[in-house]
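Taking it in order: structure first as structure tokens, then the write-up.
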Amino acid sequence: MRVGSTRRRKVFYSWKQIAYHLGCNERTCLRWEKELGLPVHRMTTSSKSRVFAYKDELDVWIRDNIDSRVAKPPPPAGSLLGKWYLLLLPLAAAAVIMVLFLIFRPASHPVPEDFSIRGSELVMLGSDGEELWRHDTGLMRLLGEGHFREHSRIKREDREKQRILHPTILIKDLDGDGKQEVLFSPQTDDEFGEGTLHCFNDRGTCLWEVSTGRELKFGDTTFSPDYRVRGFAVADLDNDGTYEILIVSDHNDDFPTQFLIVNAGGEIIGEYWNSGRIEDFITEDLDGDGRKEIILCGFNREYREACLIVFDAARVRGSSPQSGRFCCQTLEPGSQTYYVRLPRTDVDLLEIASLESAFKLNRLANRRISTLTRGSRIHFEFDYELRSAGIRPSQAFEAAHMRAAAAGLVRSTLDKAYKQGLTDNILYYDGNTWVRKPTRNLTFRDRDTR
């Protein structure tokens, strides 16, 4: 009807749109249909089928119903009703003004609730699947819709590949104005020509974009600015009612990973570089001051070990503690509150000799943080002051240890002493060197408070 008609009529395709136009809720609309004959139509005769309504029919219905209920003739002069009529005049005038507002106000428009990928384009859809607007990325190698479905709305765990999938597309009211924004980072099959996060308003206007990565030199190697956004999350870090965006972006070929914090207006307010990968990240108020800390996990390429990193959300800058070819001389020392290296085991050194990584973070109900390593499948638990609170080998690790012991490849016994040995070899960076005692980054803290 929208395409073939010679006279284009404004149509509302859901109870939500009808109610918004009438200035009431959906329950009131249903009552008005039943009791007052509100002019709505259905695709079939079933009462549960999809409804639609024409704007011009709704406006006529509003005028007829308001006129019949508000515009009453005045009572005879001198009567008691006539005296009250003077008091009712302001109410009648207010009702007429409301009717005029409903009739002549700009028509509401649907809000983005879903999406589709068509070739190189992002297509945003309303609640009924109608197309709202498009954005052409210009990338003919843009990954298909299935990929973005896996990376939308919330993070997910891919158990088969032992990885966390963070969103690369998200619909969210970032600035608290009641309107939905759309965050979108294009992803291609060869991972080149990416690295940008776009923010659109509900009508498809690009409000801002942030390009991740840049050319940096680590040791004697200069890394190109070819980065892919691994994913992002939103969190109200400072409790001001608006969201900050946390972005992780990996270099395509090697170890540098950039972690960014961007405010709702697209301004970069925090940036940190890790010589390795960052695989998962969460926020939690660890010190009870009402503000959230940021916890990251991944691996450190120089030491080939899993790592855990904690930040004060208001101080995110610098780079991870490194030496030699893994150190960037142009970046300042990192502002992390804690940088923790998790020890390798005799079993994973046999089976995954390249490196170990922590790929998953969880908040536990007993005020602990848990991270899981990919190769050895060991759970490391920490309290909110980053002290070791337990080490739990998984069944997979126990089976691997049993096989290695039976083959004479390891001589250790998987007992309490084995777990204590792992705990004793957890390393903390104190700002100058690595220590085994749970220690904050004291040098950076002292420098910030002077």
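The values are calculated or read from the model by the stated rules, or taken from the named source; none is laboratory data. What you see is a predicted model, and the numbers here were worked out from it, not measured in a lab. Neighbour counts are summed over all protein chains in view; Cβ atoms, including those assigned to glycine, are modelled from backbone coordinates with ideal geometry. These accessible areas exclude ligands, DNA and RNA; they are computed on the full protein's heavy atoms, side chains included. Shrake-Rupley method; radii C 1.70, N 1.55, O 1.52, S 1.80 Å.
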Notebook entry, point to check: If you check Arg445, Arg450, which single one turns out to be more than 19 Å from Tyr338 (Cα to Cα) and at pLDDT below 95?
Noted result: Arg450
Next item on the list: May I ask you to say which residue of Glu150, Glu145, Glu157 is over 21 Å from Asn201 (Cβ atoms), touching a residue at least 40 places away in the same chain (Cβ under 8 Å) and either out of contact with any Asp or Glu (no Cβ under 6 Å at 6 or more places or on another chain) or open to solvent by 40 Å² or more (accessible area, probe 1.4 Å) (or both)?
Entry: Glu157
Check: Filter segment 12-38 for residues that are buried (at least 17 other Cβ atoms within 10 Å of the Cβ) and not in a helix (DSSP H, G or I); which is modelled with the highest pLDDT?
Finding: Leu38
Notebook entry, point to check: Which residues, counting only those in segment 418-431, are open to solvent by 70 Å² or more (accessible area, probe 1.4 Å) and farther than 18 Å from Cys307 by Cβ?
Noted result: Lys419, Gln420
Next item on the list: Being among the basic types (Lys, Arg), part of a loop (DSSP other than H, G, I, E, B) and within 19 Å of Glu244 (Cβ to Cβ) is the filter here, so list the residues in segment 148-180 that pass it.
Entry: Arg153, Lys155, Lys179
Next item on the list: Would you mind stating whether Thr257 is touching a strand residue (DSSP E or B) at 6+ places or on another chain (Cβ under 8 Å) and within 19 Å of Ile309 (Cβ to Cβ)?
Entry: yes
Notebook entry, point to check: Out of curiosity, is Asp250 of a type in the set (Asp, Glu), in contact with a Phe, Trp or Tyr (Cβ under 8 Å, 6 or more places away or on another chain) and in a strand (DSSP E or B)?
Noted result: yes
Margin query: Out of the residues in segment 384-417 meeting the condition of being among the acidic types (Asp, Glu) and over 31 Å from the mean Cα position of the chain (by Cα), tell me which one is most open to solvent (accessible area, probe 1.4 Å).
Written below: Glu398
Checklist line | Cross-chain or 6+ apart pairs with Cβ under 6 Å, segment 354-383 first and at pLDDT below 95, then part of a loop (DSSP other than H, G, I, E, B) and open to solvent by less than 10 Å² (accessible area, probe 1.4 Å) | finding: Arg374/Ser357; Gly375/Glu356; Ser376/Thr345
Next item on the list: Report the residue count in segment 199-223 for those that are open to solvent by 20 Å² or more (accessible area, probe 1.4 Å) and farther than 21 Å from Leu142 by Cα.
Entry: 10
